[in-house]
Amino acid sequence: MKKNILLLLLLIAGMTSVKADNITVDGVNRTYNVYAPNNLGENRPLLIFCHGYGQDANWMQYTEFKNDNVSMEAVCDTAKFVVVFPNGINKAWDISGNSDINFIKAIIDKMATQHKIDRNRVYLGGFSMGGMLTYHAMNKISDLIAAFAPCSGYPMGGATADANARAIPILHIHGTADETCAFSGAQPALNVWIAHNGCSTTERVVNNYNGFNGCKMHIWGGGKDGSEVRLLELPNKGHWISKETQVYTGKEIWNFCKNFSLYKTAPSVKITSPSDEAKYVSYGIKESVKFPDITITATAEDPNGTIEKVEFYDGSTLIATCTQEPYQATLSGAKSGKHKLQVVATDNDGETARASVILTLQSPTMAYSLTFTEGGAIPAGWTLYDNSEKRSGYSSGYTSGCRVLQLTGSPRGFSYGLYFRNINGSAHQGWAKYGLPEGGHKLSMAPGHYKIKYKACNWNMANFGAIELNIENLKDNSSVAKQTYTPNINIGNSTTNSFGTPTQQVFEFDITEQGDYAIAFYCAASGWSDGIIGQFSIENVSYAVTGITSTTAYLPEDDGFVYNLQGQRFSNLATLKPGIYISSNGKKIYKE
């Protein structure tokens, strides 16, 4: 018994460097597993390896890379580097857009902060769909990744090499009996990068590689900047990671990647707030809209020295210069329109790095339309919560849960609808809100009268469920106006179902205080209640008139009464002291 307990304690102790962690990227909570050896030290390499479709980080780490003789952790322990296994959204990867590219970049940034990894030695690989993502990243972030290692995956539509991508080292590992991603597709994908790198088109082949009978290593060398391309051909292997004693995938990846570095000496800089494509929508009387001060924050590092200064620009106009952390500046008195916010970091060698984001300040005088045009996405400005998961825009790649649905039935009331739900049925625990800070858009409204138009139906509620529209003041999260509507159309849980046109809903409300607001749609307080919103817009009908509208040396002779600002009525008008009064017709007047 004591022996078993001792073994258990040793097992737990051996796992203390394994950690499940998370990070928010584009408003979405993303998760990953990270393994950092004990006594890692600083400036050590980082390997990011992405799972296949339908898998997750745990499967990749504990099943695909586990072996009785060797494991990925054992390779890390010996070579002293960090390995991260990320989780894709719904066990899949965005192999055409930026959502997972941004995830990889965020992981690199966090590992640099958390484990002081060497940004010059960051490596990326992936299995199956993770391999497809690796090829996608070759075009997107070749400046951040020193070497790439796709396994059993390549772009199904054919590989491309962006002309701006640097010459990159690649190790592709593939089994000849792969029935999911045929081995025959690996060579055409690599040929694109062999040409891009300027490698020799005459390959060198190592037969019976590492004593593995029938295994071949194909090598195309002589590329620009010392780059080379390799194809490790695994005889009679299917769609899986190789765990052979002679050829263990994790070890082969490390032995290849460790030879390459970016050799970067320039500093790096990143704008952490506001996010790119952030927007501030401010309703107000034309020519009088004032946007709030906007704080710009940034991080900067230098791999071989120190940061001397960080400069902040609005376009070409210098806002501020910082010579020490925290690096931040304030944009004040900005006008409507697009603003390119730029940050320039300069190190002690005089080398510079730049980063920029686009900030849009918009001041609609009348209608502002919030249309939905992309299925599987969370639109910019919106945040959705179902009592289990919160998703913020812009983000994409969702195939379940709260998201925009592309509706294809015929006939149909609208083509795209924002689907939100309430899993457990508690009041106000399933919602879609526009204007929350995490959604990337802020909504400011001046005192006035407003009108919201929208169409609403249920997704999977045969008995229908009410939808509550609420206007919320973000200063204290109070409700300033609300409307409840029970739809009479239920789509029926399939995007291909036909459905009629929902009745146009109109909600008019007043704003009495200038401030930041959120437009909130809530599901009914019942389990798995839901709603779908389409064709949404907000319009200003009129602005409130404030201030003194007239001044006079005499008081009006209407009914003979005026009121002070405390509500007291006075009839002896001639004896009133100078000041502000309200006449019986509601006008503010001033007695001189």
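Every number in this text was worked out from the coordinates using simple rules, so none of it is lab data. Since the structure is predicted, the reported quantities are computational estimates derived from the model, not experimental observations. Here the Cβ is made from the backbone with ideal geometry for all residues, glycine too, and neighbour counts use every protein chain on show.
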* Asked: Convex hull over the Cα atoms of the chain, averaged projected area in nm²?
  -> 38.2 nm²
* Amide H within-cut-off set for Ala320, under 5 Å, with H built and near neighbours excluded -> Phe312
* To do: Report the label-to-label distance for Asn493 and Asp143 in nanometres (one decimal), using points 7 Å from each Cα along the Cα→Cβ vector.
  => 4.9 nm
* Structure fact -> Gyration tensor on Cα atoms of the stretch 190-335, a ≥ b ≥ c root eigenvalues, a/c under 1.5 rounded, else prolate if a/b beats b/c, else oblate, says prolate
* Asked: What pairs from Lys216/Lys251; Lys110/Lys224; Lys140/Lys270; Lys105/Lys309; Lys91/Lys258 go past 19 Å between their alpha carbons?
  -> Lys110/Lys224; Lys105/Lys309; Lys91/Lys258
* Where trypsin sites (Lys or Arg not before Pro) in DSSP loops with at most 11 other Cβ within 10 Å are excluded, longest remaining stretch of the chain -> 1-285
* Share antiparallel - DSSP beta bridges, the chain, percent rounded to 5 -> 80 percent
* To do: Compute the FRET efficiency between Glu438 and Thr373 as 1/(1 + (r/R0)^6), taking r as their Cβ-Cβ distance and R0 = 22 Å, and round to the nearest 0.05.
  => 0.55
* For the stretch 154-308, what is the relative contact order in percent, using Cα pairs closer than 8 Å and at least 6 residues apart in sequence? -> 21 percent
* For Ile467, which sequence-distant residues (separation of 5 or more, or a different chain) have an amide H within less than 5 Å of its own amide H, given hydrogens modelled in the peptide plane? -> Tyr485, Thr486
* Residue by residue, what Karplus-based ³J(HN,Hα) values in Hz, rounded to whole numbers, does the stretch 154-171 have, using 6.51, -1.76 and 1.60 with θ = phi - 60° and x for Gly and Pro? -> 7, x, 5, x, x, 7, 9, 10, 5, 4, 8, 6, 6, 5, 10, x, 9, 10
* Extension gain (nm, one decimal) between Asn210 and Arg569, 0.36 nm per residue minus Cα-Cα -> 119.2 nm
* To do: Compute the relative contact order of the stretch 88-191 as a whole-number percentage, counting only Cα pairs closer than 8 Å that sit 6 or more residues apart in sequence.
  => 22 percent
* To do: Provide the per-residue ³J(HN,Hα) series for the stretch 110-115, in order, calculated from phi with Karplus coefficients 6.51, -1.76, 1.60 and θ = phi - 60°, each as a whole number of Hz, with x at glycine and proline positions.
  => 5, 5, 5, 6, 7, 10
* Using alpha-carbon pairs under 8 Å, 6+ residues apart, how would you state the relative contact order of the chain in percent? -> 9 percent
* Asked: Could you list log10 I(q)/I(0) for the stretch 308-389 at q = 0.11, 0.17 Å⁻¹, which the Debye formula gives when each Cα is one point scatterer?
  -> -0.51, -0.85
* For Lys116, which aspartates and glutamates qualify as cross-link partners when the Cα separation must be under 15 Å and same-chain residues fewer than eight apart are set aside? -> Glu42, Glu301, Asp302
* Among the lysines, which fall within straight-line cross-link reach of Lys577, defined as a Cα-Cα distance under 25 Å, with same-chain neighbours fewer than 8 residues apart omitted? -> Lys587, Lys588, Lys591
* Asked: Taking every DSSP beta bridge that has both residues in the stretch 247-383, what percent is antiparallel when rounded to the nearest 5?
  -> 90 percent
